[in-house]
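Novice: Please find one structure pasted underneath; my questions will follow.
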Amino acid sequence: MSLIEAAAKVRENAHAPYSGFKVGAAVRSSSGAVYLGCNVENAAYPEGTCAEAGAIAAMIAAGDTRIVEVAVIADSPDPVAPCGGCRQRLREFASPDVVVTMANKRGATLEMRMDELLPGAFGPEQLGGH
Ligand code: THU
């Protein structure tokens, strides 16, 4: 199963009753493992979490730390763009050259590198990390 297919499958479990906009995300780590997440909305709207945040949380909980590939999918007119906050979240664990594949349910895809999605990033390197 491709990373996009994995993201599409977990998207089906998204809890998005308020926006109606279901998102699925999959990250592959340097160990080769794939971690999945979907958006989880809440009646108290700001408490909702994005699909990417869920996938990252699953990776960290499993003891993995480096993202080498990302896929995100939604039923959007164009391939779904990760929100600004999730670009920053991903950048914490993904190098500038990591490719993020964005997709929609109509089969369109768009690949962009982390440093295209978040140019001039403030990342762990700025604090002496990684
Ligand atoms: N959403 C994500 O899960 N990831 C993104 O990168 C874009 C937005 C979710 C948040 C909210 O549940 C819904 O999509 C509409 O914004």
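Novice: Restricting to DSSP H runs of at least four residues, report the calculated mean residue ellipticity at 222 nm for the chain, -39500 (n - 2.57) per run over all residues, nearest 500 deg cm²/dmol.
Specialist: Calculated mean residue ellipticity at 222 nm is -6500 deg cm²/dmol.
Novice: Scan segment 1-79 for chymotrypsin sites (Phe, Trp or Tyr not before Pro) in coil per DSSP, keeping those whose Cβ has at most 13 other Cβ atoms within 10 Å, and list them by number.
Specialist: Listed in order of number, the matching sites are 18, 21.
Novice: Oh, and also: Return the distance in nm (one decimal) between the two label points of a simple spin-label model at residue 81 and residue 116, each offset 7 Å from Cα along Cα→Cβ.
Specialist: 1.4
Novice: Can you say what percent of the DSSP beta bridges in the chain, counting only those with both residues inside, are antiparallel? Round to 5.
Specialist: Approximately 70 percent, going by the DSSP bridge assignments.
Novice: For segment 3-119, what does the relative contact order come out to in percent, with C-alpha contacts under 8 Å and a separation of six or more?
Specialist: Relative CO of segment 3-119 lands at 22 percent.
FYI, it's all coordinate maths here, none of it is from the lab. The shown structure was predicted, so the numbers you read here are calculated from the model rather than taken from an experiment. No Cβ is skipped: glycine too gets one built from the backbone with ideal geometry, and neighbour counts run over all protein chains shown.
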